[in-house]
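In what follows, a single structure is set out as structure tokens and then discussed.
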Amino acid sequence: MTKKRFEDNLAQNIFSAIEKGFSFVSTLISGKPKCASELASTIERKLSEINSLDDKSKIIEYDKLTSYTLTKMGVRGETFSQKIKNYKKYIRESEYRDIWRAHIVRNKISHEIDYNPPLNELKDAQIKFYKFLRRVKSE
């Protein structure tokens, strides 16, 4: 690794650590993770982009956006499952179940080769993700 590349990687790691630190401190101070205005703008933009996709792709993109949002809000966890479990204490049990069910649909779409869910199951998962993201965005 060249010295320049090493320095670039080091700087990137330092900035990433600082960003995570600010997010963590913000969570400590306020208790519940909050959605910053920049993140809210990103959520709004991505929700608009997702609308143009087919139903299966929408589920995958909603799942990715939800995971990204939780990460940016400072919710700990390496996987979607870990993040949503760590965020569970801040949401109603019914909302947690809804997001978990939507995530299960996403897993089936992504991992089961012949999985063709009925349209109502796809729409239901989309609505669950969308409602969650809209609520988080407004916090």
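Bear in mind these aren't lab numbers, they're just calculated from the coordinates by the rules spelled out. None of the values given here were measured: they were computed from a predicted structure. Don't worry about glycine lacking a Cβ; one is built from the backbone with ideal geometry, like all the others, and counts go over all protein chains shown.
Here are the numbers for the structure shown:
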{"read-out": "Exposure proxy ranking, count of Cβ atoms within 10 Å, fewest first, for Tyr115, Tyr130", "value": "Tyr115, Tyr130"}
{"read-out": "Spacing of the two label points (7 Å from each Cα toward its C-beta) at Ile104 and Ser57, in nm", "value": "2.7"}
{"read-out": "Net +/- balance of residues flanking Ala125 in space, Cβ distance below 12 Å, scoring K and R +1, D and E -1", "value": "+2"}
{"read-out": "The stretch 82-127: trypsin sites (Lys or Arg not before Pro) falling in loop per DSSP and having at most 10 other Cβ within 10 Å", "value": "Arg92"}
